[in-house]
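The values are calculated or read from the model by the stated rules, or taken from the named source; none is laboratory data. This is a predicted model, so every value here is computed, not measured. Cβ sites come from the backbone with ideal geometry, for glycine too, and all protein chains shown count toward neighbours.
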């Protein structure tokens, strides 16, 4: 995207960030192509809403309410994609009993397009993850896990492209280092590769070889850490050249609005994460003019 103006909204606050003097108003959207990106992260097997007695999340979440919301948005704009940033598994008895089958089946019912892989998605081992793959109609994306010497070889793609209303969208996945979070016997011979280096390879391929108009990263690295040695989404945004949106997970970060960072080319990158447990649904609306210049607005919707 050549020029951007990112408008981020929540019920609590809104911020207008302009770059290159590009303004945004309702009139300027006439004739533009409108792409909606919806996303979740760290749902952790929360199928039902929280009970009314819950001290923090009373009556919030639940996949039925999310399904209704997603359907409403798709009816509003058919040019919609739905993603998850990992940690689909672990957190309620549904996972203990069904081993991830229910989660994958319900995500397939909601027509998720792709998901990153979180560390908790290995909690039944890599064999347990493979056993649930027949129930997933969506792609698992991770470019920095090398599954060559494992049973998951061939079941995970580094990236996928989507053509939506003439706009080509490239999506790649990144996973957190498993050593120290997951025991070796669970992830076995999965090899972790440097996410920063892999991200540069992926975005270059998507932009220069696949000719994508929009590049999205599904990241389970975590939003931000005090330790600068740990890979994180905020640093990823600043180190990349072509990535436009980072949909994050792992740290359960409830952002009031998408964070805007500046990449190596001086362009804006949106970084977003919507907490955990399916309480919120992230929504980013991109608007493309005939020259494929884009603007965007983002909102976190309480489910």
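Summary table
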{"quantity": "Verdict on residue 242 being under 15 Å from residue 263 (Cβ atoms), free of Cβ contacts under 8 Å to residues at least 40 places away in the same chain and part of a loop (DSSP other than H, G, I, E, B)", "calculated": "yes"}
{"quantity": "Residue that is surrounded by the most Cβ atoms within 10 Å (Cβ to Cβ), among those in segment 273-303 that are touching a helix residue (DSSP H, G or I) at 6+ places or on another chain (Cβ under 9 Å) and within 23 Å of residue 90 (Cα to Cα)", "calculated": "273"}
{"quantity": "Residues that are surrounded by fewer than 24 Cβ atoms within 10 Å (Cβ to Cβ) and out of contact with any helix residue (DSSP H, G or I) (no Cβ under 7 Å at 6 or more places or on another chain), drawn from segment 233-252", "calculated": "234, 235, 238, 251, 252"}
{"quantity": "Meets criteria (over 20 Å from the mean Cα position of the chain (by Cα), surrounded by fewer than 20 Cβ atoms within 10 Å (Cβ to Cβ) and not in a loop (DSSP other than H, G, I, E, B)) for residue 59", "calculated": "no"}
{"quantity": "Failed condition for residue 264, given (1) in contact with a helix residue (DSSP H, G or I) (Cβ under 7 Å, 6 or more places away or on another chain); (2) part of a loop (DSSP other than H, G, I, E, B); (3) surrounded by 21 or more Cβ atoms within 10 Å (Cβ to Cβ)", "calculated": "(3)"}
{"quantity": "Selected residue [more than 15 Å from the chain's Cα centre (by Cα) and buried (at least 20 other Cβ atoms within 10 Å of the Cβ)] from 118, 125, 100, 86", "calculated": "100"}
{"quantity": "Set 96, 149: member being modelled with pLDDT of 95 or more, assigned to a loop (DSSP other than H, G, I, E, B) and farther than 26 Å from residue 246 by Cα", "calculated": "149"}
